[in-house]
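Only the coordinates and a few stated rules stand behind these numbers; no lab work does. Nothing here was measured: the structure is a model prediction, and the numbers come from that model. When we count neighbours, we look across all protein chains shown, and the Cβ atoms used for this are built from the backbone with ideal geometry, even at glycine.
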Amino acid sequence: MDLTDLDRFNPWWKTGKVKADLLKDYKRKLYPKISEYVDKRQILLIQGLRRVGKTIIMFQLIQNQLKKTKSANILYFSFDEVAYDLKEVLKTYQEIILGKTFENTKEKIYLFLDEIQKVEDWENKLKVLYDLYPNLKIFISGSSSINLRKNSRESLAGRLFSFILPPLEFDEFLELNGMDIKKIKAKPELWKNEILPMFHRYAKFGGFPELATEKNEKFARDYILNSVIEKIIYKDIPEEFNVKEPDLLKRLLYIVGKKPGMIINFKDIGRNLGRDERTIANYFEYLEQSMLVKFVFNYRTSPIATMRKLKKVYFNTPNLIFALNYSELMPEVLENVVAVKLDAKYFYRNSYEVDFIKENGELSAIEVKLEAKKLKQLKKLGSDKSFLRKIKKKYIVDIEKECVEEGIKIIPIWKFLLDIE
């Protein structure tokens, strides 16, 4: 392996610090949570959708460690574009930079391995490193979840802590735009007129850190389409799952984009597209595992019954709706925003439908957008003889309305996203 490839990834070997353009001042909510585990023995895994800031967190961790250790003791390498084997990378690093092998150094060595799922048999290679060299602290990241989740559980059980980095949350988006969340929460009504326009921008493309302060909608749409959607569809998924028809993946995304929150029927979609039902189900699974979409299930008291019932599909960020040119679907966009905020697992559908059921110690029912029909449905839950009588909280999330109607609380979306009661 040529040292040049290692050198360009590790400028601190010469300068003692991370390049300014690689290091952002703003730290995501996840950063302090990961920092608590830096001194622990276990491997730390950061998972997330493309372009949500996994690499930035790695560089921030590196910058912090440079205050405590020699620069040569920190290695960063990304396998996203450069097809080197892990063994080859580490061999060159030990020979030229450390000047010794891992077993012959008593100092702590920090390895930051970006997009690790691109490395063949990565989990077993890391297991060997972990078991043989207790002086290694290993950080890994990945954009695709199935390989990382499944293989890390099987091969690295007890050796790994996993963290999920989501797209920007609304309070993070506001902070990146110079707003003080504490001041907003202290006197929320004072900020309403400033925050509502910010919400619309956030819903369109504000989930990605590099677009947080962007104003050019065409640029933002092209960024999400080219750097996220097409990279995943034409590169990540085919590489991991050996998919033969990436264009079919894109067609399925466009179908979801027309109506996020739709009830998924693999058989009907397959018939309309001239594909087998099993193929459609598999392709949706690939989209889910790549963190583009998420499924929400029809709630039942039995987990098995829940899994067998109908399911809805949403995007893991509403920004994908905008990127696919469906930015004017505001009720659907609003519903998708709420689904992401709740990390929704369930809805309810029987003789009537409730948008979301939240299970967190107690049951809550959440509807999206104030309508007479939805008020009626939420009121009906109190007299229902089924398990839904156990629901303690019922509320509706609307774009900007705030009131109590027929005993049901209506919350504006910006307060809901900022956890303002």
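Structure notes:
- Global geometry of the stretch 3-164, whether rounded, prolate or oblate, following the gyration tensor of its Cα atoms and the 1.5 cut on a/c: rounded
- Between LEU75, LEU148, LEU132, the Gaussian network model of the chain with springs among Cα atoms under 10 angstrom shows the greatest mean-square fluctuation at LEU132.
- Loop-located GluC sites (Glu not before Pro) in the stretch 313-354 whose Cβ has at most 11 other Cβ within 10 Å (DSSP): GLU328
- At most 10 other Cβ within 10 Å, DSSP loop - GluC sites (Glu not before Pro), the stretch 1-90: GLU36, GLU81
- Amide H contacts of GLY206: none lie under 5 Å away among residues 5 or more positions distant or on a separate chain (H built 1.01 Å from N in the peptide plane; Pro and chain starts excluded).
- Along its first, second and third principal axes, ordered by size, the stretch 33-78 spans 32, 20, 14 Å in Cα coordinates.
- Most to least packed among 203-209, 345-351 [average Cβ atoms within 10 Å]: 203-209, 345-351
- Overall dimensions of the stretch 166-296 by Cα: Rg and Dmax, Å: 18.3, 56
- If you run the Gaussian network model on the chain, springs between alpha carbon atoms under 10 Å, then out of PHE315, PHE266, PHE284 the most flexible one is PHE266.
- Measuring against 27 Å, Cα to Cα, the residue pairs LYS235/LYS345; LYS373/LYS401; LYS54/LYS118; LYS54/LYS108; LYS70/LYS231; LYS40/LYS231 contain LYS235/LYS345; LYS70/LYS231; LYS40/LYS231 as the ones spanning a longer distance.
- Its DSSP H runs of at least 4 residues, each contributing -39,500 (n - 2.57), put the calculated 222 nm mean residue ellipticity of the chain at -11500 deg cm²/dmol, to the nearest 500.
- Label-point separation, LYS70 to ARG41 (7 Å along Cα→Cβ), nm: 2.5 nm
- Candidates ASP21, ASP222, ASP80, ranked by Gaussian network fluctuation over the chain, Cα under 10 Å, top entry: ASP21
- GluC sites (Glu not before Pro) lying in DSSP loop within the stretch 165-267, provided at most 11 other Cβ fall within 10 Å: none
- Residue-wise HN-Hα couplings along the stretch 348-365, as the Karplus relation 6.51 cos²θ - 1.76 cosθ + 1.60 with θ = phi - 60° gives them from phi, are 10, 8, 8, 6, 8, 10, 10, 4, 9, 10, 9, 10, 8, x, 9, 8, 10, 10 Hz; Gly and Pro carry x.
- In order along the stretch 122-130, the phi-based Karplus estimate (6.51 cos²θ - 1.76 cosθ + 1.60, θ = phi - 60°) of 3J(HN,Hα) comes to 4, 5, 6, 5, 5, 4, 5, 4, 4 Hz; Gly and Pro are listed as x.
- Whether the stretch 171-417 is rounded, prolate or oblate, judged on the alpha carbon gyration tensor where a/c under 1.5 counts as rounded: oblate
- Scanning residues 5 or more positions from ILE43 or on other chains, those with amide H under 5 Å from its amide H are LEU160, PHE161, with H placed 1.01 Å from N in the peptide plane.
- Counted by neighbouring Cβ atoms within 10 Å, the residues VAL404, VAL340 run from fewest to most as VAL404, VAL340.
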